[in-house]
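Written out below as structure tokens is the structure these notes cover.
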Amino acid sequence: MPSAISVVTLLTDFGERDYFVASMKGVILNINPQARIVDLSHQVRPQQVDEAAYLLKSCYRYFPEGTVHVVVVDPGVGSARRPLLVTSSRYYFVAPDNGVLTDVLQEEVSVEVREIENKQYRLDAEGATFDGRDLFAPAAAWLTRGQPPGSYGRLIRDYVRLPSQEPAWEGQALVGRIIYVDHFGNLISNVTPLHLKEVQGKLRRSRVTIRVGGTVIEGLTSHYAEGSPDAPQALINSNGQLEVFVKEGSAAEWLKLGRGERIEVS
């Protein structure tokens with residue numbers, strides 16, 4: 001179990017316009033003025049739990065051991081859905097029980113999942129619409145003050161998991177999905193180098209053909225500079241995922257595609 005330190009990350013769908021993020025930070029700093037708060041992102045599309053799960057998976061492991069990662073993308077706010085505290089050998093995670101921690105729970109070791117039941121770690125509030133401020137922020141802040149995870153609530157095993165997003169074979173093509181569109185308009189898929197090797201081995205090909213949005217891409221480039229501003233290209237990105245891009249442009253705009261679209265590899 002990691003030792004408590006003062007780094008807290010925030011990942012939400014609150015945006016930057018309203019008071020929501022500032023309120024969470026205020027609660028954390030009121031409990032622990034020494035806390036170091038890092039914004040992962042507040043631009044998750046509203047209620048898109050799978051998008052938040054992808055962003056968390058992409059960056060949580062680069063933080064110091066003992067970091068408390070807080071995720072508030074919470075369509076079930078105020079309902080019977082449970083608030084969770086997850087501890088691993090390296091980190092703490094505080095989030096709603098809606099599947100947003102699915103990837104973390106698969107990747108981390110020595111994992112314990114608890115329902116946050118102890119009202120000592122909540123704020124008193126009139127309504128039940130802002131658990132980010134009233135529940136998740138104080139729960140995280142008290143961890144940085146050294147409160148033991150066991151004091152938060154009971155261990156559970158029946159937590160929510162997101163459905164698998166593994167690519168699947170359809171005839172002579174492995175079919176995946178676009179799971180994220182980044183700031184540059186790059187289309188990031190759930191296809192990995194292992195999947196590409198599987199395709200090459202099964203079809204006995206030295207390079208792959210990618211079909212996405214009616215466009216055919218032959219082979220991969222190694223980096224963006226090798227691409228062309230006149231057509232989409234593909235590469236394996238720094239997270240180890242097949243990505244479609246347009247050099248100095250937006251593949252999402254070029255292809256008129258977004259999350260959930262098919263990508264075929266053959």
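The values are calculated or read from the model by the stated rules, or taken from the named source; none is laboratory data. No experiment lies behind these values; they were computed from the predicted model shown. Backbone-built Cβ (ideal geometry, glycine too); neighbour counts: all protein chains shown.
Structure above, values below:
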read-out: Test result for Leu85, closer than 25 Å to Tyr159 by Cβ, among the hydrophobic types (A, V, I, L, M, F, W, C), touching a strand residue (DSSP E or B) at 6+ places or on another chain (Cβ under 9 Å) and at pLDDT 95 or above; value: yes
read-out: Tabulated pairs, the range 37-62, first more than 16 Å from Pro75 (Cβ to Cβ), second polar (S, T, N, Q), C-beta under 7 angstrom, 6+ apart or interchain; value: Val38/Thr9; Leu40/Thr9; His42/Thr12; Leu55/Ser41; Ser58/Asn239
read-out: Complete set of residues in the range 233-266 that are assigned to a loop (DSSP other than H, G, I, E, B), under 19 Å from Asp50 (Cα atoms) and either outside the structural domain of Ser222 (by TED's automatic domain parsing) or over 19 Å from the mean Cα position of the chain (by Cα) (or both); value: Leu257
read-out: Residue within the range 257-266 that is of a type in the set (Lys, Arg), in contact with a Gly (Cβ under 8 Å, 6 or more places away or on another chain) and closer than 16 Å to Val191 by Cβ present; value: yes
read-out: Residue among Tyr159, Tyr121 that is crowded, with 16+ Cβ neighbours inside 10 Å, of a type in the set (Phe, Trp, Tyr) and outside the structural domain of Asp50 (by TED's automatic domain parsing); value: Tyr159
read-out: Verdict on Gly227 being at positive phi, in contact (Cβ under 8 Å) with a residue 12 or more places away in the chain and assigned by TED's automatic domain parsing to the domain that holds Ala173; value: no
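Conditions (1) out of contact with any helix residue (DSSP H, G or I) (no Cβ under 7 Å at 6 or more places or on another chain); (2) part of a helix (DSSP H, G or I), marked per residue:
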residue	(1), (2)
Val8	no, no
Gly15	yes, no
Asp18	yes, no
Lys25	yes, yes
Ile28	no, yes
Val38	yes, no
Gln47	yes, no
Tyr54	yes, yes
Lys57	no, yes
